[in-house]
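The values are calculated or read from the model by the stated rules, or taken from the named source; none is laboratory data. Being a predicted model, the structure only gives us computed values, none of them experimental. We place every Cβ from the backbone using ideal geometry, glycine too, and count neighbours over all the protein chains shown.
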Amino acid sequence: MGTKNDPAFPDFLIILRPSPSKSRVPPLKEFMLRIESAIALISRSLRAASVGCRGGLSLLTLAFLVAIPVPSRAQETPYFVTYSHDLEEPGDLDIELKNVGGAPARTNAFAGSSLELEYGATGWWTTEFYLSGQATASDSTIFTGFRWENRVRPFLQEHWINPVLYVEFEDINAADKNLLEVVGHDSISDLSGSNAANRREKLREMELKLILSRNWKGWNFSENTIFEKNLSNSPWEFGYAAGASRPLSLAASPNRCVFCAENFVAGVEMYGGLGDRYTPGLHDTSHYLSPAVAWTIPHAATLSFGPGFGLNDHSAGVLLRFGVSTEIEQFGNHLPWAKKRGREVTR
């Protein structure tokens, strides 16, 4: 197992290896070409998912792995809904594909997917852009909209509790099934109905979160309080997410390896709705408990997996979540205006 160039890298993960550093294509152009390839492959995979959601989901993830270059990256938390206080490093670009699938009772199976581009604008500000779509069995495959997210960390030094302020604008439709958060009285009924009918209902929403997080003796503890408002005449909706995680080992192995315990982070998160302004509380709300694990492959990508178990009759039963992410370090330095600014400084 392995290759001549890197014996620690298994053969079946060869598609995850970084692109050769001596490529003649400029880094920014190569990135854009690979993004175009990824979008084309994702489009074909989503069409396949409308016929069989399970196979389409696997193809979609494989498409992302093959198309995106993958340098080294730091350790990740395994959460799919909960945010910790960690921000992206300034100038770095994180590319992530989050998938969720389910087969709720009395409705068709579905697979939702979000492509996320997260950029470290400064040490205290991270901005992120989402493109989302979904495929429903015996129905169709559609684009459901976009999101623009911003996270601001007021205090850069580590404290006993580290707060982060979160603001997001969503321009999606009612057919969206990515379940990136659960708020208000969201329930299994929101996953029913035809795509043709649901996509006609536009949802332009503002979402606010107060993120509280702490790292302690290798553990991460995070709690998110969610406030969401449809920009039409609708009441504020409330929700929550909370998680705890820890690497399987805090001691790094002296040898380079892929399956070392320190490359795995295990955790659990819980999330759900808390009603709205007029009917706050737990009545007619849905809640999920989700164990999860993240595997960081050195000099490659991070793979995450976690089943989500619905805790009451308003929930969707079982959700299967799978994610893959990779990071381009100092991507901002390859942008045209950054190069121009650098040349001016050297003069």
Does Phe264 count as at pLDDT below 95 and under 23 Å from Ile297 (Cβ atoms)? no
Residue by residue through the stretch 264-293, note down the ones that are of a type in the set (A, V, I, L, M) and either closer than 14 Å to Asn312 by Cα or surrounded by fewer than 24 Cβ atoms within 10 Å (Cβ to Cβ) (or both). Val265, Ala266, Val268, Met270, Leu274, Leu282, Leu289, Val293
Yes or no: the stretch 194-203 includes at least one residue that is buried (at least 19 other Cβ atoms within 10 Å of the Cβ) and within 15 Å of Tyr271 (Cα to Cα). no
In the stretch 249-263, residues that are among the aliphatic types (A, V, I, L, M), surrounded by fewer than 18 Cβ atoms within 10 Å (Cβ to Cβ) and either in contact (Cβ under 8 Å) with a residue 40 or more places away in the chain or in contact with a Leu (Cβ under 9 Å, 6 or more places away or on another chain) (or both) total 1
Would you please name the residue that is farthest from Val81 (Cα to Cα), looking only at residues in the stretch 105-139 that are of a type in the set (Ser, Thr, Tyr) and assigned to a loop (DSSP other than H, G, I, E, B)? Ser138
Please enumerate the residues belonging to the stretch 92-114 that are closer than 16 Å to Tyr79 by Cα and of a type in the set (A, V, I, L, M, F, W, C). Ile95, Leu97, Val100
Ser315 touching a residue at least 12 places away in the same chain (Cβ under 8 Å), at negative phi, outside any loop (DSSP other than H, G, I, E, B) and under 23 Å from the mean Cα position of the chain (by Cα): no
Considering only the stretch 217-228, I want to know if a residue exists there that is surrounded by fewer than 16 Cβ atoms within 10 Å (Cβ to Cβ), outside any loop (DSSP other than H, G, I, E, B) and touching a residue at least 24 places away in the same chain (Cβ under 8 Å). yes
Can you tell me how many residues within the stretch 239-277 are among the basic types (Lys, Arg) and in a loop (DSSP other than H, G, I, E, B)? 2
Residues of the stretch 140-154 being under 16 Å from Tyr83 (Cβ atoms) and surrounded by 12 or more Cβ atoms within 10 Å (Cβ to Cβ), which ones? Arg147, Trp148, Glu149, Asn150, Arg151, Val152, Arg153
Is there a residue being within 18 Å of the chain's Cα centre (by Cα), at positive phi, surrounded by 20 or more Cβ atoms within 10 Å (Cβ to Cβ) and at pLDDT 95 or above anywhere in the stretch 179-188? yes
Could you tell me whether Leu156 is among the hydrophobic types (A, V, I, L, M, F, W, C) and modelled with pLDDT of 95 or more? no
Quick check on the stretch 93-100. Is at least one of its residues at pLDDT below 95 and either out of contact with any Pro (no Cβ under 8 Å at 6 or more places or on another chain) or not in a loop (DSSP other than H, G, I, E, B) (or both)? no
Flag for Glu205 being of a type in the set (Asp, Glu) and under 30 Å from Phe110 (Cα atoms): yes
Is it the case that the stretch 239-251 has a residue that's under 19 Å from Ser189 (Cβ atoms) and over 17 Å from the mean Cα position of the chain (by Cα)? yes
